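Data block below; observations after.
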Amino acid sequence: MVRLEKVLETWQTIRNDTAQAVEDFPTDNLDYRPVDELATFEEIARHILDVSHGLTGILLAGEENLATPDFREKLKQYMVPLPEKPDRVALGVELRKQLAIRVEELRRQPPEFYAKIITRFDGQQFTRLEMLQFVKEHELTHRQQLFMYLRLKGIVPATTRRRLAAAKR
């Protein structure tokens, strides 16, 4: 059984590490991409913010069918406005701040809200809680991309730094 509080708690941990990755990356290199076909570091970070905030905004608005032609337009109305070129600190702060806001909004929802079956953007049927778990997993995927970009720049991600510090104790 998936418990809402655990989903929210683990998502906050993931988000803190995502924000830390952004804050650890050199500001003058946010447009870095290992090859032309990939998104830049900043584009990935913004994607994490936009999609998670957008999908949870749609869920909180009570939408039950995300498989509609206007899905992307609906998503856009919940995206967080940021300067065109935010610095790493501002982007990290916004990542943490927006998740904190959403977590509080999500915690206020009754169990029936999370049990409701909705149609995901690909037509699959999910409960709202399963959809929230999907949003968290989506962030994990993209956080890993950020971590790879950090490593390509010679920067050790916060999760590894913590593990190495704990091993020394």
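The values are calculated or read from the model by the stated rules, or taken from the named source; none is laboratory data. Please read these numbers as outputs of a predicted model, since none were measured by experiment. All Cβ positions, even for glycine, are placed from backbone atoms using ideal geometry, and neighbour counts span all protein chains on display.
Only residues that are loosely packed, with under 15 Cβ neighbours inside 10 Å and within 30 Å of residue 111 (Cβ to Cβ) were counted across the stretch 26-69, and they come to 6. All of 55, 49 fail the test of being part of a helix (DSSP H, G or I), in contact with a helix residue (DSSP H, G or I) (Cβ under 6 Å, 6 or more places away or on another chain), farther than 26 Å from residue 162 by Cα and not charged (D, E, K, R), apart from 55.
Among the residues that make up the stretch 93-109, is at least one of them touching an Asp or Glu at 6+ places or on another chain (Cβ under 7 Å) and not in a helix (DSSP H, G or I)?
Here is the first cut: in the stretch 93-109, the ones touching an Asp or Glu at 6+ places or on another chain (Cβ under 7 Å) are none.
No, because not a single residue in the stretch 93-109 is touching an Asp or Glu at 6+ places or on another chain (Cβ under 7 Å) and not in a helix (DSSP H, G or I).
Residues of the stretch 115-148 that are within 17 Å of the chain's Cα centre (by Cα) and among the hydroxyl-bearing types (Ser, Thr, Tyr): 141 alone.
Yes or no, residue by residue, for (1) touching a residue at least 12 places away in the same chain (Cβ under 8 Å); (2) at negative phi:
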{"site": "14", "(1), (2)": "yes, yes"}
{"site": "24", "(1), (2)": "yes, yes"}
{"site": "36", "(1), (2)": "no, yes"}
{"site": "40", "(1), (2)": "no, yes"}
{"site": "53", "(1), (2)": "yes, yes"}
{"site": "62", "(1), (2)": "no, no"}
{"site": "75", "(1), (2)": "yes, yes"}
{"site": "79", "(1), (2)": "yes, yes"}
{"site": "82", "(1), (2)": "yes, yes"}
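What residue, of 119, 127, 141, is modelled with pLDDT of 95 or more, of a type outside the set (A, V, I, L, M, F, W, C) and under 22 Å from residue 32 (Cβ atoms)? Steps first, answer last, please.
Values: 119 fails: under 22 Å from residue 32 (Cβ atoms); 127 fails: under 22 Å from residue 32 (Cβ atoms).
None of the other options fit; the residue is 141.
Can you confirm whether residue 104 is among the acidic types (Asp, Glu), at pLDDT 95 or above and more than 18 Å from residue 14 (Cβ to Cβ)? Spelling it out, it is not the case that residue 104 is among the acidic types (Asp, Glu), at pLDDT 95 or above and more than 18 Å from residue 14 (Cβ to Cβ).
Regarding the stretch 121-130, can at least one residue be identified that is buried (at least 17 other Cβ atoms within 10 Å of the Cβ), aliphatic (A, V, I, L, M) and more than 24 Å from residue 1 (Cα to Cα)? No, there is no match, as no residue in the stretch 121-130 is buried (at least 17 other Cβ atoms within 10 Å of the Cβ), aliphatic (A, V, I, L, M) and more than 24 Å from residue 1 (Cα to Cα).
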